[in-house]
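Shown next, in structure tokens, is the structure this report addresses.
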Amino acid sequence: MFPPPLKRTYALYIESDDESSDDEPPQDIEDVLTSAHSRYPTMNFPQYIGTLKDRGVLYLPTAAFFTTGFYKEQIGMSDGAAHTFWNCVSKAYAKAERAKGRKKSKGKKKARSQHDDSEDQEDIPPIN
């Protein structure tokens, strides 16, 4: 004997680890340096592109991982340039994370609204 069918069934979208919620690639380190340079042109941030890439700092999330000490000691930035660059990187990274969070919550709201639209309908087959 089969159990009675459920009155209402809902499909849930669960994001797997295999699926990347990052549809957009991370910001390239050259873009970060160009942005910082446009705000602080005297610091000449583009001069550090080669050194950063040699050290494996290719994208914004990687750059956000390091401290000002790394930028001073390993990249060769002055104290002021390292602090300014780190500040630009941390703000850009926080902005990117907020945008990713908004995009994710927008998808959840859309799924929730589709779910709410079907609330007044029952999942009962018609009687013939």
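The values are calculated or read from the model by the stated rules, or taken from the named source; none is laboratory data. Computed from a predicted model, the values in this text were never measured in an experiment. In this analysis, Cβ positions are derived from the backbone assuming ideal geometry, glycine residues included, and neighbour counts consider all displayed protein chains.
Failed condition for ALA81, given (1) closer than 14 Å to GLN27 by Cα; (2) at pLDDT 95 or above, with all others met?
Looking at each condition in turn, ALA81 falls short on (1).
For ALA96, all conditions in the list (1) in contact (Cβ under 8 Å) with a residue 60 or more places away in the chain; (2) surrounded by fewer than 16 Cβ atoms within 10 Å (Cβ to Cβ) hold save one; what is the number of the exception?
(2)
Conditions first: (1) in contact with a helix residue (DSSP H, G or I) (Cβ under 7 Å, 6 or more places away or on another chain); (2) at pLDDT below 95. PRO126 passes all but one, so which condition is the exception?
In the conditions (1) in contact with a helix residue (DSSP H, G or I) (Cβ under 7 Å, 6 or more places away or on another chain); (2) at pLDDT below 95, PRO126 misses (1) alone.
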